[in-house]
1. Could you check the spin-label model distance between Q102 and F120? Points 7 Å from the Cα along Cα→Cβ, value in nm.
2. Tell me whether the stretch 28-159 comes out rounded, prolate or oblate; compute the Cα gyration tensor, take square roots of the eigenvalues as a ≥ b ≥ c, and use a/c under 1.5 as the rounded threshold.
3. Check S46: other-chain or 5+ apart residues with amide H under 5 Å from its amide H, H built from backbone geometry?
4. Give the accessible surface of the stretch 19-62 per residue, rounded to a whole number of Å², with probe radius 1.4 Å and ligands, DNA and RNA excluded.
Amino acid sequence: MSDIWDAAKGVLGTVAPTIATAFGGPLAGMAARAVTGALLGEERASDKIDEAMLAIQGASAEDLHKLKAEENRFAEKMRELEIDVERIHAGDRDSARKRQMQTKDKMPGYIASAALVGFFSILGALIFVDLPSASTAPLQVMLGVLGGLVGQIANYYFGSSASSSRKNEIMNAVLNGRNGGAANG
């Protein structure tokens, strides 16, 4: 189940980052219901995280478009409820950093180093090594999972890029407004 979880998290982080962020905290059930409702239909919606991860793994391209639409609804609902998911996760990262400083635990650094080495090793293999065709798909899944982990590592050590994400949302809203206006006018 761990492989399914890791692969699904990578897809979810790319297609629906707000929902993915909610999975890491007290809103996980709400996030799971959003995913299963979008992918399996409202009548089969569930707040079980494992069911959401299985639904993501079996998602088609059309399903991913549904999930992206659900991402927009979910983000709007979070704003209406005045829930700042990023603030929740920033507090979580801060407590992890404080714990590391107090305990002088070196394990997070080792894990981060291993993830970075793994990411760039797989990336290099995919680019520079002539691999058997049967091995490229699993390596691409591993690269996606490690890519998500590298992003989390960067957030942990260097802070979140929430302001950059907000900037992108505003730019998308402006562009979508222009495109909608052009289509109508």
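The values are calculated or read from the model by the stated rules, or taken from the named source; none is laboratory data. Please read all numbers here as calculations on a predicted model, not as lab measurements. Glycine gets a Cβ as well: all are built from the backbone with ideal geometry, and neighbour counts include every protein chain shown. With ligands, DNA and RNA removed, areas are computed over all heavy atoms of the protein, side chains included. Shrake-Rupley method; radii C 1.70, N 1.55, O 1.52, S 1.80 Å.
1. 3.4
2. oblate
3. T36, G37
4. Computed with neighbouring chains in place, this is 48 Å² per residue.
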